[in-house]
Amino acid sequence: MSVSHADCSSWSYRLSGVRYDYGSGSVLEIDELVIPRGQSTCLLGPTGAGKSTLVRLLARSIEPSSGRVEMAGDAVGSDRRPSVAMVYQHPIPLRRTVFENIAYGLRVRSESRQDIQVSVDRWLEVLQLTDLAGQRADRLSGGQWTLVALARALVTEPDVLLLDEPTANLDPARVQLVERVVAEEQRRRRCTVVWSTHHLFQARRVADHVVLLWEGKCIEEAETKTFFESPSDPRTRAFLDGKLVF
């Protein structure tokens, strides 16, 4: 897919010739990939496919060994770089209360005490965490802390939300809660959401756009309906039919 700087209002990220090396080999090699702006994109693939590495590159917590990861705000003429929040698969809590963990980003931005209270209370309620507000976040179960980490990301109303297998440690009810809340927030603010998952059915539920990674390479990317009903790569069709095991 070829996208010019003039078209940057339609995309959040553009990757060109990206390679990420780890140890003696490459774990990610992407010739070209565009992440649409204001949509939910799912990075689909098995463990070891390069999903987490790609999400970290988008978050700019790591840099590519070669190539370019460009964000829309990097384009000539843009007056602001979009804000980004990320929820890692194994997020690290601050040794503070649940309330203070969620409020952290707002305090960094010097929001007023009243605005912080209102915003945090809202997300405590939305993610069913109100009863845990005064508890130490580092003493919660993994599933509870994942919800706190999501609230901590969403409370800042980021332009881009990056999710690295956020439901991997959740029970089915909480998986449904997370998928619903993220979808509602994405529609409400038209923010860009990037999920990574190895669950085929989750990708179909949450995504507008799907990217299939295999051994660090992008072998298919398309709108969700096209991806599942008429993929262009025969390996994708074999994977969807259960005939290809990565």
| remark: Charge tally for neighbours of Glu221 with beta carbon under 14 Å away, counting Lys, Arg as +1 and Asp, Glu as -1, is -1
| remark: Simple SL model, points at 7 angstrom along Cα→Cβ for His90 and Ser9; separation in nm is 4.4
| Taking H as built 1.01 Å from N, whose amide H comes closer than 5 Å to the amide H of Val87, not counting residues under 5 places away? | Leu162, Leu163, Asp164
| What's the local net charge at Ala137, with K and R +1, D and E -1, over the other residues with C-beta under 13 Å away? | +3
| Karplus (6.51, -1.76, 1.60) ³J(HN,Hα), θ = phi - 60°, over region 101-107, in Hz, Gly and Pro reported as x | 4, 5, 6, 3, x, 6, 5
| At Arg237 and Lys225, where each label point lies 7 Å from the Cα along Cα→Cβ, what is the point-to-point distance in nanometres? | 2.0
| note | Applied in sequence order to region 160-165, the curve 6.51 cos²θ - 1.76 cosθ + 1.60 (Karplus, θ = phi - 60°) yields integer Hz couplings, x standing for Gly and Pro, of 10, 10, 9, 10, 9, 6
| note | If amide H atoms are modeled at 1.01 Å from N in the peptide plane, then the residues at a separation of 5 or more from Trp214, or on another chain, having amide H under 5 Å from its own are Ile219
| task | Could you work out the longest stretch of the chain that avoids the trypsin sites (Lys or Arg not before Pro) located in DSSP loops with at most 16 other Cβ atoms within 10 Å? | result | 110-189
| said: Given the DSSP H assignment, sum -39500 (n - 2.57) over each helix run of at least 4 residues in the chain and divide by its residue total; what's the result at 222 nm in deg cm²/dmol, nearest 500? | reply: -10500 deg cm²/dmol
| request: Averaging sequence separations of C-alpha pairs under 8 Å and six or more residues apart, then dividing by the length of region 128-220, give the relative contact order as a whole percent. | output: 23
| In nm, spacing of pseudo-spin labels at Val118 and Thr47 (7 Å Cα→C-beta vector) | 4.5
| field | Gained length - Tyr22 relative to Ser61, 0.36 nm times residue gap less alpha-carbon distance | value | 12.6 nm
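Within the set of other residues whose C-beta is less than 12 Å from the C-beta of Val118, count the net charge using Lys and Arg as +1 and Asp and Glu as -1.
Taking every Cβ under 12 Å from that of Val118, the sum is -2.
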| Rounded, prolate or oblate: which one fits region 149-199, using the alpha carbon gyration tensor with axes a ≥ b ≥ c (rounded when a/c is under 1.5, else prolate when a/b beats b/c, else oblate)? | prolate
| Once amide H atoms are built 1.01 Å from N in the peptide plane, which residues 5 or more positions from Ser40, or in another chain, come under 5 Å H to H? | Val193, Asp208, His209
| If you take the beta carbon distance between Arg109 and Ala183 as r and set R0 to 25 Å, what does 1/(1 + (r/R0)^6) give as a FRET efficiency, to the nearest 0.05? | 0.45
| Which residue, Gln186, Gln128, Gln202, tops the fluctuation ranking in a GNM of the chain built on C-alpha contacts under 10 Å? | Gln128
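We did not get these values from a lab; they are worked out from the coordinates using the rules stated. Here the structure is a predicted model, which is why all the values come from computation and not from measurement. Positions of Cβ are generated from backbone atoms using ideal geometry, with glycine treated the same way; all protein chains shown enter the neighbour counts.
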